[in-house]
Amino acid sequence: MSDFTVATQAIGSRRQGNVKRIALRWLLYVLLCLFALYYLLPLFVMITTSLKSLEEIRTGSLVALPREITFDAWSTAWSSACTGIQCEGLRPFFWNSILIAVPAVVISTVLGALNGYVIAQWRFRGANMIFSLMLFGSFIPFQVVILPMARVLGMMGLAGTIPGLIFVHVVYGIGFTTLFFRNYYVTIPHELVKAAKVDGAGFFRIFWSIFLPLSLPIIVVTVIWQFTQIWNDFLFGISFSQAGTQPVTVALNNIVNSTTGVKAYNVDMAAAIIAALPTLLVYVVAGKYFIRGLTAGSVKG
Amino acid sequence: MKGASIMSEWLERHIPKLVLAPSFAAILLFVYGFIAWTGWVSLTRSRLLPKYDIVGFIQYDRLFQSPRWDTALNNLYVFGGLFIVISMALGLLLAILLDQKIRTEGVLRTIYLYPMAMSLIVTGTAWKWILNPGLGVEHIIRGWGFESFRFDWLVNPKFAIYTVVIAGVWQASGFVMALFLAGLRSVDEEIIKAAQVDGIPTARIYSAIIIPSMAPIFLSAFIVLMHLAIKSFDLVIALTGGGPGYATDLPATYMYALAFSRGDIGQAASSAMVMMAVVFAIVVPYLYSELRTRNE
Amino acid sequence: MTPILDVKNLYKNYGSVEVLKDINVSIDPGDFLVLVGPSGCGKSTLLNCIAGLEPITGGAISIDGRDMTDVSPKDRDIAMVFQSYALYPTMSVAKNITFGMKVRGVDAQTQKTKLADVAQQLQIEPLLNRRPGQLSGGQRQRVAMGRALVRDPKLFLFDEPLSNLDAKLRVEMRTEIKRLHHDLGASMVYVTHDQIEAMTLASKIVVMKGGVIQQMGTPSQIYNRPENLFVADFMGSPAMNLIPAKAVKNGKGMRIEIERPEGGPLILNDAANPDLPENVILGLRPEDIAEAGFRAGKQVQTAHCLVEIVEPAGADTYVMSDLGGKKVTARFHAETKAEPGATLEFAFDLGKVSYFAPNTGQRLN
């Protein structure tokens, strides 16, 4: 009899423990979902606002779904919103950003790969010093270089041009691209280069036949990192561009802050989404590599 | 023939250096040369055009007497301090919550981290709309019946800097979460198992074993956030434009305004050098120790 | 006969650190030279210098009579097998083996024939289309050997090729390398820290320490007549017993006294080595100390010793006793009745003895 009570008590307390555990679990999920809402809210508001008419924005609530979906704001943002005196929407600037980002990403990645290969696998005296100097160069606040850079671009005849911006992004991007490739190649045993040397292969042959085929993951990480950095750049864009060559971030800021006419929040939001779309897309498609780049770019060495 | 083979031998031996040389030269010139140039100009009377006669620290005197720079520095302390502390706390909390074998971890992680993929200009634009007193959060809450509710930080010179904190934390905390999560996962599982066998409660395992072993990650997160805070420029421009007045100026926006709108190169250079010095003081020891441990 | 490899007065510095000091080594065609020593002794650096993968600071290296000092690795007519195998990870086994020929512009038909030959020789035909990542350690090892064999070089270089394998495979591959050396009659230089590998493979051994050659000779010379204490201690397992002793002139020969904890010094009489200084270190390998009655010979002497530890090892039993302040190991037969605490008669074979000077460590006899 007493045995029986003890047993039921045990079961009871175990059940109690289970109930507590399940309750905690639920609490955990509720918390996590609340946080998810916090992170999603701005995106949600941006999207819904961009699909509303101005009339509805003025009368309705910020977080309400649009009663009537309209894409007018999107087409305005894309092709006719005013960025100062010009009223051609984001489209030309979106292309500017592509024309800047694509070559800059390609050039800085190629240079980073070669530099990283040299530093990690062909170590010579002073290579570590060079690496430290390059690494530190990617940490400076760029404010400290924009004044002389503006003058040098002027002297080279590149002031306010897209090649000028490509140049700037390459120069200040190679620190990071070198870091990425160096840290990747440094994990590859040096014996591989030795074996290939004995096999008769030279510097470029070894890079091309042995290291490059190994590098796909780090190329993806680097390309994504560079693309995100360059696409999202604002400081260089606003400092070194002129009316026709501004990147999309500068144009977005101009649309939002243009004082002419009625404040068209829906157009602002549509423009913001358009400007964010390429990098968001990259993030959604290749998030794993994006995160790897972020962590590699911060946990250094 | 002999000459050619000597030439090719020489090339073969020096090709790694030759490959590295252009990048290194570029960094030397465009990073270190330019820092030197800015440093030089910060010691002159340069205004609209740079002058090269060194006159001493007058630009720095002017800088530290300028009330606007004073505001910018104060804002950097407030913004930097809150931004770093809140992002770290939130990031750590999210990482620990996500570390509880959550089934939907992948999706949640994606959601927490996506702001990091967006331009700060976009972030600023979005929050500017959400926080605007006319139609934003204030409007909603008044709509719920709290007629006297006020939330006008964006246009209130006293509180505007906190809106920058809100947007900054939203953008960066997911990234801190990712760093911490990676750190939690890298803790030796056998230690955790040993602690579980010893009957130590989960909260205690975190506070006494796991978190202390992540000290290097705290340092990395701190350095990255500090660095972001000092360089913050886009976010302020997009969110408040440095206003109202210059209530939300940061050193970065101050420098830009002086350089490009006010045409005061001397002041811009000296403020840039101060920023540089701060970053230098934080990043150099960090990079130095990281590189040294790596090389050993 | 021209030596296939001749290293003369070689020096190698890293900055101000001297890693190789005045190295002189020469081997004939068909020799199997093993460089052996503890880690950090410079043996791998020496191999890399021979390969041309490390520039040298001073001296000269010639291969088959040709000065190679400033010649790049690809022109030295060598092949090398590495510790990590260093297989090209993105290439198939076949491509790994033919890469060198491809780089050198060898025509496809020759490549194919040579590949087939080597694959057959090493029995790796079924693996040719696989990637290195899909192979076991032993298979990778074979592929690495294949990559070297296909070159048919003047000189093969091996850098600790077996140290990443487990014990059983290591013994198998050791035999395999020995067989290849025999079949090919090739000249080889082989680096290892494993003295058993050195003994079994070499026709000539170089023992190194601190960037200096300690002794060079045939395996039997190195084993039986070590030049100094380091070589005596390093080669052989269990290690040679090195016992501090006193030598006293005794008629035509010497009387050797060894201190022990109780029962007065142990006395041995050595008639063959009359000119020893007073303090010596006496070296005897465990197999040269046996249970009395199980070892015969002109110079075998017996003495009573206290047994302290008995370690049966299957084929033999190792028996330890405290002599001259050292744990001295003797190799007894498996059926010995030795027990800890008992006093037994040990047989010392002074025909095999080595004497060293305690201060310099150099061999005396």
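The values are calculated or read from the model by the stated rules, or taken from the named source; none is laboratory data. The shown structure was predicted, so the numbers you read here are calculated from the model rather than taken from an experiment. Virtual Cβ from ideal backbone geometry, glycine too; neighbours counted across all protein chains shown. Calculation scope for accessible area: heavy atoms of the full protein, side chains included, ligands and nucleic acids excluded. Shrake-Rupley method; radii C 1.70, N 1.55, O 1.52, S 1.80 Å.
Largest accessible area first, the listed residues C:Glu262, C:Glu54, C:Glu197 line up as C:Glu262, C:Glu54, C:Glu197 when surface is computed with a 1.4 Å probe on the assembled protein chains. Scanning the protein assembly as shown for cysteines with no neighbouring cysteine C-beta under 4.7 angstrom from their C-beta gives A:Cys33, C:Cys41, C:Cys49, C:Cys305. Protection proxy ranking, highest mean first, for peptides A:264-270, A:214-220: A:264-270, A:214-220, where packing is the per-residue count of other beta-carbon atoms within 10 Å, averaged.
Model label sites at C:Glu172 and C:Asp28, defined 7 Å from Cα along the beta-carbon direction, differ in position by 3.5 nm.
Ellipsoid semi-axes for the protein assembly as shown, based on the Cα gyration tensor and the rule √(5λ), read 71, 37, 28 Å when sorted largest first. The value of relative contact order for the range C:241-356, using C-alpha pairs under 8 Å at least six residues apart, is 30 percent.
Based only on Cα atoms, what mean projected area does the convex hull of the range C:1-41 have, in nm²?
Working: hull surface 14.2 nm².
Computing the convex hull of the Cα atoms and averaging its projections yields 3.5 nm².
With the whole protein complex present, A:Met129 retains an accessible surface near 120 Å², based on a 1.4 Å probe.
Computed from the Cα positions only, the extents of the range A:119-168 along the three principal axes stand at 39, 21, 15 Å, in decreasing order.
How far is the Cα center of the range C:117-158 from the Cα center of the range A:210-234, in Å? Centre-to-centre distance over Cα atoms comes out at 35 Å. With both labels modelled 7 Å from their Cα along Cα-to-Cβ, the B:Phe57 to C:Lys249 distance reads 8.5 nm.
Taking 8 Å as the Cα distance limit and 6 or more residues as the minimum spacing, I'd like the relative contact order of chain B as a percentage.
Taking the mean separation of contacting Cα pairs over the length of chain B, I get 28 percent.
Using a Förster radius of 30 Å, what is the FRET efficiency between B:Asn156 and B:Ala277 based on their Cβ-Cβ separation? Nearest 0.05, please. Walk me through the numbers before you get to the answer.
Numbers: r = 32 Å, r/R0 = 1.06.
It comes to 0.40.
Quick check of the Kirkwood formula: for the range C:1-84, what is the inverse mean of 1/r over all pairs of different Cα atoms, in Å?
On the way: mean 1/r = 0.0756 Å⁻¹.
Hydrodynamic radius (Kirkwood, Cα pairs) of the range C:1-84 is 13.2 Å.
Once the piece of chain linking C:Ala315 and C:Glu339 is laid out straight, how much longer is it, given 0.36 nm per residue of separation minus the C-alpha distance between them? Display every interim value, and only then the final one.
On the way: separation 24, 0.36 × 24 = 8.64 nm, distance 1.73 nm.
In short, 6.9 nm is gained.
With a 10 Å cut-off around each Cβ of B:45-52, the average count of Cβ atoms from other chains is 1. Entry comment: accessible area of the range A:78-298 is 34 Å² per residue, from protein heavy atoms only and a probe of 1.4 Å. Within the listed set B:Met214, B:Met273, B:Met88, the Gaussian network model of chain B (springs between alpha-carbon atoms below 10 Å) gives the highest mean-square fluctuation for B:Met214.
3J(HN,Hα) couplings calculated from phi for the range B:153-167 with the Karplus curve 6.51 cos²θ - 1.76 cosθ + 1.60 (θ = phi - 60°) are, in sequence order, 3, 4, 10, 9, x, 6, 10, 4, 5, 6, 5, 5, 4, 4, 5 Hz; Gly and Pro show x. Here the gap between B:Glu147 and B:Glu105, fully extended at 0.36 nm per residue and compared with their Cα-Cα distance, gives a gain of 11.1 nm.
Give the value in nm², to one decimal: projected area of the alpha carbon convex hull of the range B:59-295, averaged over all directions. With every direction weighted equally, the projected area is 17.1 nm².
Using the Kirkwood radius built from alpha carbon pairs, what does the Stokes-Einstein equation give as D for the range B:123-167 at 10 °C and 1.306 mPa s, in µm² per second? Calculated translational D: 149 µm²/s. Pairs from the table (C:Lys178/C:Lys327; C:Lys95/C:Lys178; B:Lys17/C:Lys112) lying more than 30 angstrom apart at Cα are C:Lys178/C:Lys327; B:Lys17/C:Lys112. Taking A:Cys82, C:Cys49, A:Cys87 and ordering them by how much accessible surface each has at a 1.4 Å probe, largest first, produces A:Cys87, A:Cys82, C:Cys49.
Once the C-beta distance of A:Ala243 and B:Arg185 is scaled by a Förster radius of 60 Å, the resulting FRET efficiency is 0.75 to the nearest 0.05. With the whole protein complex present, B:Ile86 retains an accessible surface near 70 Å², based on a 1.4 Å probe.
How many angstrom separate the Cα center of the range A:95-134 from the Cα center of the range A:157-194? Between the Cα centre of the range A:95-134 and that of the range A:157-194, the gap is 2 Å.
Could you check which residue among C:Lys249, C:Lys12, C:Lys209 shows the biggest mean-square fluctuation in a GNM of chain C with a 10 Å Cα cutoff? In this elastic network of chain C, the residue with the biggest mean-square fluctuation among C:Lys249, C:Lys12, C:Lys209 is C:Lys249.
Per-residue shielding of A:129-135, expressed as the average number of other chain Cβ atoms within 10 Å of the residue Cβ, stands at 5. Taking every alpha-carbon pair in chain A and binning the separations at 20 Å intervals from zero gives 25, 42, 23, 8, 1 percent.
Report the local net charge at C:Gln221: Lys and Arg +1, Asp and Glu -1, summed over other residues whose C-beta lies under 10 Å from its C-beta. It would help to have the intermediate numbers written out before the result.
Details: positive: C:Lys204, C:Arg225; negative: C:Glu227.
Counting the neighbours of C:Gln221, the net charge comes to +1.
Hydrodynamic analysis of the range C:241-356 uses the Kirkwood radius over alpha carbon pairs. Inserted into Stokes-Einstein at 37 °C and 0.692 mPa s, it gives a translational diffusion coefficient of 231 µm²/s. Counting Cβ atoms of other protein chains within 10 Å of each Cβ in C:84-93 and taking the mean gives 5.
In this rough spin-label picture, where each label sits 7 Å from Cα along the Cβ direction, the A:Leu216-C:His182 distance is 4.6 nm. Report the calculated FRET efficiency for A:Arg21 and C:Asp117 (r = Cβ-Cβ distance, R0 = 51 Å), to the nearest 0.05. So the FRET efficiency works out to roughly 0.15. The share of accessible area on the range C:5-234 that comes from carbon and sulfur is 48 percent, using a 1.4 angstrom probe. Extension gain for the segment C:Met1 to C:Asn129, taken as residue separation times 0.36 nm less the Cα-Cα distance, is 41.8 nm to one decimal.
Antiparallel DSSP bridges in the protein assembly as shown: what percent, to the nearest 5? Looking only at bridges with both residues in the protein assembly as shown, the antiparallel portion is about 75 percent. Remark: the range A:192-200, residue by residue, has Karplus-estimated 3J(HN,Hα) of 4, 5, 4, 4, 5, 4, 4, 6, x Hz, where x stands for each Gly or Pro and the curve is 6.51 cos²θ - 1.76 cosθ + 1.60 at θ = phi - 60°.
Comparing B:Leu239, B:Leu93, B:Leu76 in a Gaussian network model of chain B, where Cα atoms under 10 Å apart are tied by springs, the biggest mean-square fluctuation is seen for B:Leu93.
Just add up the charged neighbours of C:Glu287: K/R +1, D/E -1, any other residue whose Cβ is under 11 Å from the Cβ of C:Glu287.
Details: positive: C:Arg285, C:Arg295, C:Arg331, C:Lys352; negative: C:Asp288, C:Asp316, C:Asp349.
With Lys, Arg at +1 and Asp, Glu at -1, the neighbours total +1.
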